[in-house]
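Following: one structure in C-alpha cells, then a few remarks.
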Amino acid sequence: MSDFNQPLGGNEMPRFGGPATMMRLPTQTSAEGLDAAFIGIPMDIGTSNRPGTRLGPRQIRDESRMLRPYNMATRAAPFDSLQVADIGDVPINTFNLPKNLDIISRFYDDVLSHDCVPLTLGGDHTLTWPILRAIAKKHGPVGLIHIDAHADVNEHMFGEEVAHGCPFRRAQEEGLLDANRVVQIGLRGTGYAAEDFDWCRQQGFRVVQAEQCWHKSLEPLMAEVREQMGDGPVYISFDIDGLDPSVAPGTGTVEMGGLTSAQGLEIVRGAQGLNIVGGDLVEVSPPYDPSGNTALMGATLLYEMLCVLPGVARRD
Ligand SMILES: N=C(N)NCCCC(=O)O
Ligand SMILES: [Mn+2]
Ligand SMILES: [Mn+2]
C-alpha cells in the first residue's frame, strides 16, 4: 500500500466511471500536504475567436481517464514519490475578466504557500499572467518555456490590456520573467508586422518559429533550452494550439503548420532536470473537439509535466 495518492486504476473501475477528477486522483479542497496539484480555471472570456475553453478543465479531466500512472517512455513514476491531488477549480467571475486577475493570483498565493507545484488545466491563456504574478512573488522572475502558435505579447486587443493575446507582454512589463531565460516555441501564422515576434527578441526572449521545427526532432533544441534555463526556477506554459490542428483541432485560434504530438512530448520531456515551479495547459475548446482527442493531448501533456517535476522517482 503506497503512502502516496494513486490514480484510480482502469482495472479497479471502468475508465468511463469513477470520480471526474484529473487522472481519477483523490480530490481535496486545498494544496496542504501536496507536492503537486492539478487545478482547473474554467474561463474563456479572454478569447478572441472561437470560445469554449471555459469547458476545457472538465473535458481534460474526463479524457485523462485514459492515463496510467507509469511513464513507459521515461520510466517516471510520479506517484511513487510525490503527493498529488486534484484540488478543483478556481471560482472565477464568469462576467468580469479583469476581476479574475486577483481571484486567480490569490488562489495561487495560497497554493504556493504550501510549497505545492501547480499544474493548471485551462481555460484561455489570459490565466497565465495572474499565475505568474503569484509564481514570481514566491520565486522571483522566472524562466519560461512557452509553446504556442502565438507570441501572446499584444500591447492590447480592442484597447484592452487583459486578453488571451496579451499575457506575456504584461508579465514582461511587470518583471515576472527572467527575459534571457524565456523561450517561445512554435510561433507561426499571419501577423500585422515583424514586430509581432521581434518585440520578443528585443526583450531577450529566444523565439523558435514553427518553420525552424519542421521535420526534425526537438531533442537538440531542448538540450539548448536546458542550457539557457540553467538552475533557476522555470515555468512551462503550453498553449495546445502550438500543436498542429491535425492533432489538436479543438481550440479557438487555429494556425496551420504546427508541431506534431511527438514534438510536444519531446519539449516537455526535455524539461527534465530543470527547476520546474509550475505549468499550465491552455486553450482546449471542447465544443470544437467532438472526439475529445485535443483534451486528451492536453491531459497527456499535463501528465508529462508532472513527470518532469523535481523529486519524481524513476522506476526501472
Ligand atoms: N490563443 C492564444 N493564447 N492567443 C491567440 C492570440 C490571437 C491574436 O493575437 O490575434
Ligand atoms: Mn495560441
Ligand atoms: Mn496562447
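Below are the figures for this structure:
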| quantity | calculated |
| --- | --- |
| Amide H contacts under 5 Å for Val207, placed H, 5+ residues apart | Gln184 |
| Accessible carbon and sulfur surface of segment 136-233 relative to its total accessible area, %, 1.4 Å | 49 |
| Highest to lowest packing among 291-301, 228-238, scored as the average C-beta count within 10 Å | 291-301, 228-238 |
| Long-range amide H partners of Ser237 with built H, under 5 Å | Ile145, His146, Ile147, Asp280 |
| Two-site FRET efficiency, Thr94 against Asp196, from Cβ-Cβ distance with R₀ of 22 Å, rounded to 0.05 | 0.10 |
| Length-normalised contact order for the chain - Cα pairs under 8 Å, 6+ apart - percent | 22 |
| Degrees between helix 293-307 axis and first principal axis of the chain (Cα, 0 to 90, nearest 10) | 80 |
| Proximal charge balance of His146 [Cβ under 9 Å; K/R count +1, D/E count -1] | -3 |
| Aspartates and glutamates whose Cα lies under 18 Å from that of Lys216, excluding same-chain neighbours fewer than 8 positions away | Asp148, Glu224, Asp244, Glu266 |
| Bridge type composition, segment 162-312 - antiparallel percent by DSSP, nearest 5 | 10 |
| Segment 241-316 versus segment 7-46: alpha-carbon centroid distance in Å | 17 |
| Net +/- balance of residues flanking Gln272 in space, Cβ distance below 12 Å, scoring K and R +1, D and E -1 | +1 |
| Heavy-atom accessible area per residue - segment 185-316, 1.4 Å, Å² | 40 |
| Probe 1.4 Å, accessible area per residue of segment 54-101, Å² | 48 |
| Under Karplus coefficients 6.51, -1.76 and 1.60, residue-wise ³J(HN,Hα) of segment 185-190 in Hz, glycine/proline x | 10, x, 4, 6, x, 8 |
| Summed residue charge, Cβ within 15 Å of Arg315's Cβ, Lys/Arg positive, Asp/Glu negative | +1 |
| Theoretical gain in end-to-end length, Ala20 to Gln212 [0.36 nm per residue, Cα-Cα removed] | 65.2 nm |
| Acute angle (nearest 10 degrees) that the helix 128-139 long axis makes with the longest principal axis of the chain, alpha-carbon atoms | 70 |
| 0 to 90° range, to nearest 10: angle between helix 97-113 axis and the chain longest Cα axis | 50 |
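The values are calculated or read from the model by the stated rules, or taken from the named source; none is laboratory data. Quick caveat, the model's predicted, so the values are computed rather than measured. Glycine also receives a Cβ, built like all others from the backbone with ideal geometry; neighbour counts cover every protein chain displayed. Note: accessible area is taken over every heavy atom of the protein model, side chains too, but ligands, DNA and RNA are not part of it. Shrake-Rupley method; radii C 1.70, N 1.55, O 1.52, S 1.80 Å.
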